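Structure record follows, encoded as structure tokens.
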Amino acid sequence: MRRIILCCLTLLSATRLAAQTPYRTPPQVIVDILDAPPLPTASVSPDRQWLLLLEQRSMPTIAELAAPMLRLAGNRINPRTTGPQLPGGITGLVLKRVADGTERRINVATPAALSYVIWSPDSRTVAFVQTRDSGLVLWVADAATGQTRALTGATLNATNGPPCQWTPSSASLLCEFIPDGRGPAPVAPQTPAGPTIQETRGRAAPAATFEDLLKNAFDEQLFDYYFTAQLAMVNAATGARTSVGQPAIFDRVDVAPGGEHVLVVRTVRPFSYLVPSGAFPQEIEVWNLRGELVRSLAKLPSSEGVPIRGVRVGPRAVNWRPGTPATLVWAEALDGGDPRTKVEHQDRIVTLTAPFTAEPTELARLTKRYSGLLWDAQGVGLLGEYDRERRWFKMWIVDATKPGTAPVLLFDRSAEDRYTDPGFPITRMTPAGDAAIQRTGSWIYLTGAGASPQGDRPFLDRLNLVTKKTERLWRADTVHYESVVALLDDAGKSFVTRRESRAEPPNYYVRQGTNLRALTAFKDPAPQLTGIQKRLLTYTREDGVPLSGMLYLPPGYTPGTRLPVVMWAYPIEFASASAAGQVSAAPNRFNIIRGPSHLFFLTQGYAVLDDPKMPIIGGDTANDHYVEQLVMSARAAVKAVVDAGVGDVDRIGIGGHSYGAFMTANLLAHSDLFRAGIARSGAYNRTLTPFGFQNEDRTFWQARPVYLRMSPFVYADSINEPILMTHGEADNNSGTFPINSERLFAAIKGLGGTARLVMLPNEAHGYVGRESVLHTLAEMIDWFDRYVKQAKPRAPGVSSSSR
């Protein structure tokens with residue numbers, strides 16, 4: 001018997017090894033483009049004197065992804081560093097003086113694996129974190145000289161996000177550290193002490209299908225061990241540390257503008273196996289700088305049992321108000337957190353000021369749900385309210401300096417309407433380090449995408465808070481895509497922009513009216529793509545809904561030539577048909593292609609119809625007609641690309657990622673429009689997401705026919721075109737468990753269909769490892785070359801339409 005077992009194990013091992021093929025690479029032109037470093041991003045200093053350029057590497061390696069990783073309570077961490085799974089991707093820091101463009105490179109340490117780069121409020125210093133094999137180190141750089149120094153050893157704790165923040169004085173940083181004397185990590189017991197048991201007794205607790213949840217008592221020990229941190233003040237000049245309070249698991253820590261108090265949100269037991277750590281029980285407190293409790297604001301239970309689309313009862317979105325030393329503002333539900341409860345007001349907004357001994361003062365009540373609050377430094381805020389049923393948004397002006405004053409309505413509009421979007425308020429860091437709405441007298445400044453039927457044209461407006469009138473200060477021209485990065489003066493006459501066009505790569509400029517002065521001169525990172533043409537393609541669905549997509553043509557395209565076409569899409573639900581038909585594209589942007597992008601098909605002689613709109617219209621019941629609307633939109637897109645004289649009706653493939661993969665499988669199951677499909681990281685069986693998905697609020701048991709009709713797994717016997725499925729083995733996205741792809745592949749194989757399944761080791765929902773990205777592109781190109789580009793015309797009588 002022992003010999004038989006050993007033999008079987010050997011055969012099983014050999015089978016697995018045979019199935020794991022070496023990584024492949026796509027054509028060299030694609031490899032060269034992806035290996036080139038991406039263009040730097042930029043950050044403007046609070047005093048508006050410096051532009052900080054962040055240079056980045058192209059991609060991490062699969063070896064880095066394969067490093068030790070723990071998946072705990074919805075988080076992924078590297079146990080060796082007590083930080084994020086991957087090291088920082090920033091490789092260099094360069095300072096440019098805005099006034100004259102002079103440049104200074106910051107002397108960063110090796111290895112240059114940097115992250116969490118933040119300006120001090122006085123703009124004299126830049127702090128950043130370096131990842132070493134042994135842990136995370138805090139560094140600071142002098143903006144005047146570019147010289148750097150380490151302030152800590154490899155002892156930072158970044159398991160729950162950025163480990164440090166500047167204090168208002170710019171003289172110190174409040175950081176989270178590995179507690180002294182933490183000791184060795186817990187070791188998994190070789191023999192289980194018993195089963196893991198959960199029990200429910202009549203209390204409904206619907207939850208999304210989260211990944212990486214705690215599963216047992218040992219996971220709880222690991223979470224406690226790695227996420228527990230010690231707060232400490234770090235002197236920015238000397239590196240001296242002063243502990244603040246006792247070690248705890250900190251969900252959030254925020255220093256007050258006056259620098260004398262700290263808002264602390266602690267995660268406490270009992271931990272949950274049903275929701276991620278952000279939904280665990282919390283205690284919200286105000287501490288002084290010695291770590292002593294000043295005021296307990298709330299002790300919140302786990303969010304288990306919070307209704308779908310509901311909120312936790314008690315204080316939420318607790319924040320300091322800028323412009324005051326220590327004033328808190330937060331929202332509270334008045335409907336028990338349940339949107340199904342009919343009440344006059346769903347939320348209220350309250351405020352509480354130091355010394356925090358009084359009861360909170362109410363600032364406003366909202367008929368619908370609170371959706372955010374931005375303040376200027378003078379006590380005036382812009383309060384957001386969202387009505388999900390109508391997809392409607394309101395913005396109110398609230399004045400904290402005038403207690404009892406009713407909010408004034410500023411905006412009242414459809415949240416889906418891009419064409420009338422007034423933009424978002426421009427903020428600036430205050431001297432205390434808080435982000436506040438930039439204001440001059442009664443004027444604030446707004447910037448937005450500037451959506452239009454011709455595509456996006458970003459703008460800069462100013463809005464008078466007294467008259468509520470808006471004035472247009474500037475808008476991008478019809479050739480360039482140019483967006484506002486930061487205002488350089490209080491009147492909005494001079495500002496930094498990021499400017500690009502179809503022929504010019506993105507660069508940063510100082511704009512004063514029509515005058516432009518370049519701050520950077522980045523070159524085209526991928527000259528191999530020169531010659532790509534693109535145009536906005538507009539067309540109409542058979543039910544009258546206008547649709548659009550961006551049509552890309554390969555370099556050297558000869559007009560009138562029929563090409564194989566790749567369509568890559570992602571469905572979106574809408575309440576309004578008029579909003580669904582709006583254009584959401586930016587034709588004037590430069591072509592920059594990164595990651596496993598479908599646009600690389602352009603290097604192989606394909607045309608690409610990018611983001612052809614697939615709206616599912618009908619609000620909360622839109623999915624009742626999901627399949628019909630999806631096929632209708634796809635049919636219109638196929639007709640449009642063929643009528644444009646570009647597409648060959650017999651050589652069109654469809655693809656998408658995530659919900660786009662779900663779309664792809666459905667289109668292959670319910671139509672014959674496409675010769676093949678590529679579905680990446682999708683969910684194909686909606687019974688695995690029984691408490692809702694995307695914008696579907698109804699449960700499986702409330703809308704069983706809808707869930708089943710939308711599930712391509714149920715119609716696997718109708719998927720009669722070849723489908724390539726790829727999936728990260730470590731997918732971390734809610735709802736897209738890898739088993740979705742495995743079971744759909746098994747179904748298609750069992751039914752005699754044509755499919756290929758590629759499971760990518762160590763990859764999450766989006767693929768980032770160099771080897772994985774290159775392999776995915778090689779698979780995609782080979783699949784469509786075989787089944788789309790080389791496809792023979794359909795036999796007479798075979799329709800390229802829906803079934």
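Data for the structure
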| item | result |
| --- | --- |
| Charge context of T726, other residues only, Cβ under 13 angstrom, K/R +1, D/E -1 | -3 |
| Mean-position separation - Cα centroids, region 327-372 and region 515-553, in angstrom | 44 Å |
| Rounded, prolate or oblate (a/c below 1.5 giving rounded, otherwise prolate when a/b exceeds b/c) for region 320-439 by Cα gyration tensor | oblate |
| For the chain, size of Cβ-based charge dipole, Lys and Arg +1, Asp and Glu -1, in debye | 780 debye |
| Calculated P(r) of region 490-575 - Cα pairs past 16 Å, % | 72 percent |
| Viscosity 0.692 mPa s, 37 °C: Kirkwood-radius Stokes-Einstein D of region 219-335 over Cα pairs, µm²/s | 211 µm²/s |
| Accessible surface of region 602-726 [probe 1.4 Å, protein heavy atoms]: carbon and sulfur percent | 52 percent |
| Share of alpha-carbon pairs per 10 Å distance bin for region 411-525, given as whole % | 13, 41, 34, 11, 1 |
| Positive-end residue of Y508, G337, L374, charge dipole of the chain with Cβ unit charges | Y508 |
| Relative pair counts by distance (%), Cα atoms of region 548-647, 5 Å bins | 2, 12, 21, 21, 18, 13, 8, 4, 1, 0 |
| Global geometry of the chain, whether rounded, prolate or oblate, following the gyration tensor of its Cα atoms and the 1.5 cut on a/c | rounded |
| Modelled FRET efficiency - R0 30 Å, A358 with D412, Cβ distances, 0.05 increments | 0.35 |
| Order by protection proxy (mean Cβ within 10 Å, highest first), peptides 714-722, 125-133 | 125-133, 714-722 |
| Expected 222 nm ellipticity per residue - DSSP helices of 4 or more, -39500 (n - 2.57), all of the chain, to 500 | -4000 deg cm²/dmol |
| Å² of accessible area per residue within the chain, as computed with a 1.4 Å probe and no ligands counted | 42 Å² |
| Accessible surface of region 68-178, 1.4 Å probe, proportion on carbon and sulfur as whole % | 49 percent |
| Calculated FRET efficiency for the pair D524/D35, C-beta based, R₀ 22 Å, to 0.05 | 0.90 |
| Selection from G769, N740, F713 lying farthest towards where the dipole of region 646-803 points positive, charges on Cβ | F713 |
| Net lengthening on full extension, T561/Q790 (0.36 nm per residue, minus Cα-Cα) | 80.9 nm |
| Cα-based shape type of region 603-657, given that a ≥ b ≥ c are square roots of the gyration tensor eigenvalues and the cut on a/c is 1.5 | prolate |
| Between region 49-120 and region 588-646, the Cα center-to-center distance that results, in Å | 34 Å |
| Residue pairs, from the table K394/K613; K394/K468; K534/K613; K402/K469; K613/K639; K613/K792, whose Cα atoms sit over 18 Å apart | K394/K613; K402/K469; K613/K792 |
| With every protein chain in place, region 222-323: carbon and sulfur % of accessible area (1.4 Å) | 50 percent |
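The values are calculated or read from the model by the stated rules, or taken from the named source; none is laboratory data. Source: prediction; values computed, not measured. Neighbour counts run over all protein chains shown; Cβ positions are idealised from the backbone, glycine included. Just so you know, the surface numbers come from the protein's heavy atoms only, side chains and all, with ligands and any DNA or RNA stripped out. Shrake-Rupley method; radii C 1.70, N 1.55, O 1.52, S 1.80 Å.
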